[in-house]
Amino acid sequence: QVQLVESGGDSVQAGGSLRLSCVASGFTYSSVCMGWFRQAPGKEREGVAVIDSDGSTRYADSVPGRFTISKDNAKNTLYLQMNSLKPEDSAVYYCAANFRPCRHFSSWSISSSIPSRYAFDYWGQGTQVTVSS
């Protein structure tokens with residue numbers, strides 16, 4: 001019954017913007033850890049941004065000041081606003097969730113980075129983002 005569905009991926013030119021959405025069913029966003037991950041061909045899946053149940057956020061070093069993660073608890077929807085897109089941002093973007101707050105992960109207090117993908121139990125099907133130069 002738990003399901004995450006991403007949308008908003010597209011092909012854009014460098015410097016453009018996209019807004020990704022992730023609609024959840026089977027649970028609410030009020031007390032969970034939510035995140036966006038991406039995977040390019042031949043590369044491992046990497047964390048892009050996460051948002052905790054209390055609203056705190058963390059971002060990958062590769063997207064400083066360009067991406068913004070947010071959520072609407074009433075709509076059970078997660079967003080990723082992406083600005084100033086670069087060709088290296090091209091990847092399949094995945095929405096991920098865990099039923100406990102990010103701050104309850106053991107790695108949260110040990111490291112300031114985004115938790116490993118293995119910390120997340122539920123995943124969407126992915127949405128393709130392609131940025132051309």
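Using a cut-off of 14 Å between beta-carbons, work out the net charge of the residues near A49 (Lys and Arg +1, Asp and Glu -1, A49 not included). Numbers along the way, then the final one.
Values: positive: R19, R38, R45, R58, R66, K71, R117; negative: E6, E46, D52, D61, D89.
That sum, taken over residues with Cβ under 14 Å, equals +2.
Which percent of the accessible area of the chain is formed by carbon and sulfur heavy atoms (probe 1.4 angstrom)?
Details: 3040 of 6610 Å².
Here carbon and sulfur together make up 46 percent of the probe-accessible area.
With charges set only on the Cβ (+1 for Lys and Arg, -1 for Asp and Glu), what does the dipole of the chain come to about its Cα centre, in debye to the nearest 20?
Values: 12 positive and 11 negative charges, 18 e Å.
With only Lys, Arg, Asp and Glu charged at Cβ, the dipole is about 80 debye.
Would you calculate, for the chain, the mean residue ellipticity at 222 nm contributed by helices, counting each DSSP H stretch of 4 or more residues as -39,500 (n - 2.57) and dividing by all residues, to the nearest 500?
Values: 1 runs with 5 residues, N = 133.
The helix-only estimate for the chain comes to -500 deg cm²/dmol at 222 nm.
Express the accessible area of the chain per residue in Å², computed with a 1.4 Å probe while the remaining protein chains stay in the model.
On the way: 6610 Å² over 133 residues.
That works out to 50 Å² per residue.
Would you mind working out the magnitude of the charge dipole of the range 69-127 relative to its Cα centre, with +1 at each Lys and Arg C-beta and -1 at each Asp and Glu C-beta, to the nearest 20 Debye?
On the way: 6 positive and 4 negative charges, 37 e Å.
Rounded to the nearest 20 debye, it is 180 debye.
So, counting K/R as plus one and D/E as minus one, what does the shell of residues with Cβ under 12 Å around S133 add up to? Display every interim value, and only then the final one.
Numbers: positive: K86; negative: E88, D89.
Computed value for this residue: -1.
The values are calculated or read from the model by the stated rules, or taken from the named source; none is laboratory data. All of these numbers come straight from a predicted model, not from anything done at the bench. Heads up, the Cβs are rebuilt from the backbone with ideal geometry, glycines too, and the neighbour counts pull from every protein chain shown. Each accessible area value is taken on the protein alone, full model and side chains, heavy atoms only, with ligands, DNA and RNA left out. Shrake-Rupley method; radii C 1.70, N 1.55, O 1.52, S 1.80 Å.
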